[in-house]
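The values are calculated or read from the model by the stated rules, or taken from the named source; none is laboratory data. Quantities reported herein were computed from a predicted structural model and do not represent experimental measurements. Cβ placement follows ideal geometry from the backbone for every residue including glycine, while neighbour counts extend to all protein chains displayed.
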Amino acid sequence: MAVTQQHGAGTLDVERIKADFPILERTSHGKRLVYLDSANTSQKPRAVIDTITEYYERHNANLYRAVYELAEEATAMFEGARTKLASFIGAPDPSTVVFNRGTTESINLVANAWGRRFLREGDEILFSELEHHSNIVPWQLVAEATGAVTRLIPIEDDGTLDAARIEAMLTDRTKVLAISGQSNVLGTMPAIGRLAASAHAAGAIIVVDGAQLVPHNPVDVAALDVDFLTISGHKMLGPTASGGLYGRLELLEAMSPFLGGGEMIMEVYPDHSTYKAPPHKFEAGTMNIAEEIGLATAIDYLEGLGMENVRSHERELTAYAIEALASIGATVYGPKDPEQRGGAVSFWYKDIHPHDLAQVLDQEGVCVRPGHHCAQVLMRRLGVPATTRASFYVYNTRQDVDALIAALEKAGEFFGA
Amino acid sequence: MALDELYKEVILDHYKNPRNKREIPDAALRCSKNNPLCGDEITVFVNEDDGTISDVAFVGQGCSISQSSASMMTEAAAGKTREEVEQRIGAFRGMMAGEVEADEDAFGELVALKGVVKYPVRVKCAVLAWDVLQEALAGEGEAGGSAPH
């Protein structure tokens, strides 16, 4: 294969971007590393790695409670990261951004702190067939605790969600619409803005799993008018265990705390306690300081590229990949129109089990994810035990897709399929 | 490690032409299990005759490692006494844990699966059918009937 070919959409200078990611310089099984698993976790640019190192070398201290210079620096950096994340997602006020380990923790926070307080027997929680287990299981747990019931929103045969069908399921019993902003399996992007308006008209709140949406698209929570949006920092060039939850301020104020402990309180008595205002009400104990500060650098990096450019680069690459996969006879699941989907591309190739496929790809240096992608409900709907998924980000090129295709063809030969 | 060290000819042969891949409708012992990690599922059927495994078969779906392991397992178990089979299950687990030296005299074709030991994620695939067989022998499944869907 030629060393240089045409690269991404031309909206991003991908060769320059790749040079910012040290891990992409390494090889895997003696081959060029082709990382196509960013929906799982993204790689980290040098700037993010340096930020974490510098934090520990120069500023490390616990937040808020100390009066020395180091602690003031650490606190300013941490709160600066909050302001940055708020601005990145269009949140009007940094107080609406709660830091935590990401989407799983955020949905558990909402299900417990909002759900246990406000859900009553017979109330309905709607979630879709697209959802990741982290947007299903916390709701099942809170339903069990409160007597609320869960209802499943079916997907259409093409892997999309029909907003009208969802609207027909919204009744005065509906209290929560929990929905993915972008599917981690099919790439499907539901009409969040429209669904937020419909949920509100029915008297429900909308909780958006933003794990895949936020890293790959410009997002404006004020324009979308959502109540909650989760953010997984490690999927957007940030460190693992970074990210958090956007919540509408009135809701965050009305909710119960989630974890109790140090720093989330105002006053503690033997028989009761009073709590801080959001967001600190939801941040008990020593926080993931270095990680959130690292996330701020990741946001700087993404803003430097421009989220519109990130989106159009991935749209172009996804279109290229879908076409290339179809050309070798792979079945691609989910919407085919790149305008309607993100860059997680799940497929089935020649009846070779995804684990076998991924094993052969690994030998070629190509990292993909086989399995159910924490979406067993969706796998059953698709009628497959598992899929193979390739997913793209700012450092991926057409060359990477070509390497995937070549490795798939090799697997086909190997298994004689 | 080269691919053909993991995917030996024997494995690919059993994967493409699985032995005893069928239901035994009137099986005395039957057990099903799945591997939630990858969605693989296997049902094992066993009939015994006077302390000997007179017939053993499996159905299910999964990767080449899980399917070929199940196929080889049925051949390794058929005609053996219950004690011999249980001993063999223990030995196979030992091989997959890297604790037992896998020599061809003791393991026969199963020695082909020893390459899996280097891939911890795939060990579960190889062991799945053997877990199901052990549970079937212990009477933990249901008797008779067909496989669940």
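Summary of values
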read-out	value
Residue, farthest from B:Gly62 (Cα to Cα), within region B:1-14, restricted to residues that are within 8 Å of another protein chain (Cβ to nearest Cβ) and part of a helix (DSSP H, G or I)	B:Leu3
Sole exception among (1) among the β-branched types (Val, Ile, Thr); (2) surrounded by fewer than 23 Cβ atoms within 10 Å (Cβ to Cβ); (3) not in a loop (DSSP other than H, G, I, E, B) for A:Thr286, by number	(3)
Criterion: at pLDDT 95 or above and acidic (Asp, Glu) - qualifying residue of A:Glu69, A:Glu15	A:Glu15
Residue in region B:112-128 that is surrounded by the most Cβ atoms within 10 Å (Cβ to Cβ), counting only those that are of a type in the set (A, V, I, L, M) and closer than 16 Å to A:Ala358 by Cα	B:Val116
Selection count, region B:1-42, where residues are at pLDDT 85 or above and of a type in the set (Gly, Ala, Ser)	3
Of residues in region B:18-53 being without any contact (Cβ under 8 Å) to a residue 24 or more places away in the chain and more than 10 Å from chain A (Cβ to nearest Cβ), the one surrounded by the most Cβ atoms within 10 Å (Cβ to Cβ)	B:Asn47
Some residue of region A:342-363 being over 29 Å from B:Ile65 (Cβ atoms), more than 14 Å from every other protein chain (Cβ to nearest Cβ) and out of contact with any helix residue (DSSP H, G or I) (no Cβ under 8 Å at 6 or more places or on another chain)	no
Which numbered condition A:Val360 misses (of (1) over 20 Å from the mean Cα position of the chain (by Cα); (2) surrounded by fewer than 21 Cβ atoms within 10 Å (Cβ to Cβ); (3) of a type outside the set (Gly, Ala, Ser))	(2)
Failed item in (1) outside the structural domain of A:Thr240 (by TED's automatic domain parsing); (2) in contact with a Phe, Trp or Tyr (Cβ under 6 Å, 6 or more places away or on another chain), with A:Ile299 passing the rest	(1)
Residue in region A:364-378 that is surrounded by the fewest Cβ atoms within 10 Å (Cβ to Cβ), counting only those that are at the interface with another protein chain (Cβ under 10 Å from one of its Cβ atoms) and more than 16 Å from B:Ser64 (Cα to Cα)	A:Gln376
Matching entry among B:Ala138, B:Ala129 (being more than 14 Å from every other protein chain (Cβ to nearest Cβ) and over 30 Å from A:Val377 (Cβ atoms))	B:Ala138
Residue, surrounded by the most Cβ atoms within 10 Å (Cβ to Cβ), within region B:60-81, restricted to residues that are within 14 Å of another protein chain (Cβ to nearest Cβ) and among the aliphatic types (A, V, I, L, M)	B:Ala70
Qualifying residue in region A:385-404 (condition: modelled with pLDDT under 95 and either facing chain B (nearest Cβ under 10 Å) or within 24 Å of A:Glu156 (Cβ to Cβ) (or both))	yes
Single condition A:Thr274 does not satisfy, out of (1) in a helix (DSSP H, G or I); (2) of a type in the set (Ser, Thr, Tyr); (3) over 18 Å from A:Ala76 (Cβ atoms)	(1)
Selection status of A:Phe78, of a type in the set (Phe, Trp, Tyr), assigned by TED's automatic domain parsing to the domain that holds A:Asp220 and either over 22 Å from the mean Cα position of the chain (by Cα) or not in a helix (DSSP H, G or I) (or both)	no
Cross-chain or 6+ apart pairs with Cβ under 6 Å, region A:246-261 first and within 23 Å of A:Asp220 (Cα to Cα) and assigned to a helix (DSSP H, G or I), then at pLDDT 95 or above and β-branched (Val, Ile, Thr)	A:Leu249/A:Thr96
Residue match in region A:313-324 (condition: crowded, with 19+ Cβ neighbours inside 10 Å, in contact with a Ser or Thr (Cβ under 7 Å, 6 or more places away or on another chain) and basic (Lys, Arg))	no
Residue pairs meeting the criteria (Cβ under 6 Å; at least 6 apart or on separate chains; first part of a strand (DSSP E or B), in region A:14-37; second crowded, with 17+ Cβ neighbours inside 10 Å and among the basic types (Lys, Arg))	A:Asp37/A:Arg369
Identity of the residue in region A:246-286, charged (D, E, K, R) and at pLDDT 95 or above, that ends up farthest from the chain's Cα centre (by Cα)	A:Asp271
Residue identified as in contact (Cβ under 8 Å) with a residue 40 or more places away in the chain, closer than 24 Å to A:Ala74 by Cα, aliphatic (A, V, I, L, M) and not in a strand (DSSP E or B) among A:Ala223, A:Ala241	A:Ala241
Residues within region A:35-54 that are under 20 Å from A:Ile289 (Cα atoms) and either touching a strand residue (DSSP E or B) at 6+ places or on another chain (Cβ under 9 Å) or not hydrophobic (A, V, I, L, M, F, W, C) (or both), tallied	10
